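Trainee: Quick one: the structure is below, questions incoming.
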Amino acid sequence: MNLEHLYTAVELVRNGCYRDNPREATRLRTYPVMLASAAAPAASPTEAYLRAACLAYAWMPERVRIEQSHLASAVAAFEAARASPQTASDAERAALRERGIDAIAASLSSVVGASMVLHLAAPGVFPIWDERIERFRLDEEPSPYHMGQARHYLAFMDEIRGLTAHPLFLTFHNEFCTAYQARLQRLRISPYPLTETKVVEAAITELTGE
């Protein structure tokens with residue numbers, strides 16, 4: 001995965017708007033609603049986590065299932081992700097990410113589900129990760145065992161950090177977002193901003209052609 005490859009997604013976004021793909025058009029329209037709903041005040045941290053889990057699974061084919069024995073640790077991890085301490089060292093942030101993924105994945109019995117919940121908690125830190133992302137990275141179909149390993153999601157996060165550090169990433173980010181906003185306008189969807197992690201994930205999704 002490199003920036004030059006991702007750049008080809010810009011033209012695809014310019015030329016298409018998912019009018020013939022209701023699933024993806026729905027994702028475009030509901031994404032900002034999901035972020036706003038997840039960020040809204042909640043009566044308790046547990047309610048905030050459960051709401052995010054329900055929102056995340058609205059995009060997934062299977063039903064949400066919470067392992068009650070892991071709920072408390074998942075709630076704590078979700079709150080830590082929402083706090084996203086800027087003063088922590090790189091090592092501390094890496095440890096926080098790994099603990100958070102493991103705790104929420106244990107609660108949901110799914111690393112993919114955990115990635116979506118964590119994205120709702122901190123969209124600038126945690127990308128959405130699923131089979132089509134990993135198929136793109138591996139250039140082959142990932143096994144269920146592979147998708148159940150948090151280390152592969154962490155590897156994707158590391159790749160994104162490498163891409164965003166590239167001197168030309170800001171140019172790519174601007175061009176992709178400009179094309180993306182034009183697509184939203186064609187669909188009569190109110191524009192909304194994209195984080196760096198979301199831009200990379202959205203570009204990969206575009207390139208998978210699904």
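No value in this document is a laboratory result; all are computed from the given coordinates. Just so it is clear, the structure is predicted and the values come from calculations on it, not from any experiment.
Trainee: Under the 0.36 nm per residue contour assumption, what length would be gained going from the current alpha-carbon distance of T208 and C54 to full extension?
Mentor: Extra length available between T208 and C54 comes to 52.8 nm.
Trainee: Okay, moving on. Once you sort the root eigenvalues of the Cα gyration tensor of the range 92-170 as a ≥ b ≥ c, which label holds: rounded (a/c under 1.5), prolate (a/b larger than b/c) or oblate (the other case)?
Mentor: It comes out oblate by the Cα gyration axes.
Trainee: Okay, next question. Return one quarter of the surface area of the convex hull spanned by the alpha-carbon atoms of the range 41-86, equal to its mean projected area, in nm².
Mentor: 3.9
Trainee: Follow-up. Given 25 °C and 0.890 mPa s, compute D for the chain with the Stokes-Einstein relation, Rh being the Kirkwood radius over Cα pairs; round to the nearest whole µm²/s.
Mentor: The calculation lands on 139 µm²/s.
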